[in-house]
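Colleague: Okay, handing you the structure first.
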């Protein structure tokens, strides 16, 4: 698998950029922050997996997990039905392991 990338532009009004620069955001910082925020939103919306979002953010999975945690984004966010399915799968696996002994 090749790691090709796609580049796209983000347009920011000049006066807004001046404010961001005054707060210490250079172009490189803005690009990095934009990738991280975009990855976070796509992960939150369940459009990307954790690994995919980490790649968009240009971070390792563990770095991205830490970033999510620092920004109050749950890494594991199951609804009640999904959680019930996970517990049922664990119980099924537990029974299968006991039978195979």
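The values are calculated or read from the model by the stated rules, or taken from the named source; none is laboratory data. Not measured: the values here are computed from a predicted model. When we count neighbours, we look across all protein chains shown, and the Cβ atoms used for this are built from the backbone with ideal geometry, even at glycine.
Colleague: In this structure, does residue 6 turn out to be exposed (fewer than 10 other Cβ atoms within 10 Å of the Cβ) and at pLDDT below 85?
Modeller: Details: exposed (fewer than 10 other Cβ atoms within 10 Å of the Cβ): yes; at pLDDT below 85: no.
Judged against the criteria, residue 6 is not a match.
Colleague: Could I ask something else about it? May I ask you to list the residues in the stretch 37-55 that are closer than 28 Å to residue 17 by Cα and under 8 Å from the mean Cα position of the chain (by Cα)? Don't jump to the end; show me each part of the working.
Modeller: Step one: of the stretch 37-55, the residues closer than 28 Å to residue 17 by Cα are 37-45, 53-55.
Those that are closer than 28 Å to residue 17 by Cα and under 8 Å from the mean Cα position of the chain (by Cα): 39, 40, 41, 42, 43, 44, 53, 54.
Colleague: Of the residues in the stretch 65-96, how many are in contact with a helix residue (DSSP H, G or I) (Cβ under 7 Å, 6 or more places away or on another chain) and part of a loop (DSSP other than H, G, I, E, B)?
Modeller: Number of matching residues: 4.
Colleague: While we're on this one: Starting from the stretch 74-92, keep only residues that are under 23 Å from residue 42 (Cβ atoms), then list their pairs with residues that are at pLDDT below 85 and outside any loop (DSSP other than H, G, I, E, B) whose Cβ atoms are within a distance under 9 Å, requiring at least 6 positions of separation or different chains.
Modeller: Going by the 9 Å Cβ cut-off, the qualifying pairs are 78/84; 78/85; 78/86.
Colleague: Considering only residues of the stretch 40-64 that are without any contact (Cβ under 8 Å) to a residue 12 or more places away in the chain, assigned to a loop (DSSP other than H, G, I, E, B) and touching a helix residue (DSSP H, G or I) at 6+ places or on another chain (Cβ under 7 Å), which is surrounded by the fewest Cβ atoms within 10 Å (Cβ to Cβ)?
Modeller: Ranking the qualifying residues of the stretch 40-64, first place goes to 60.
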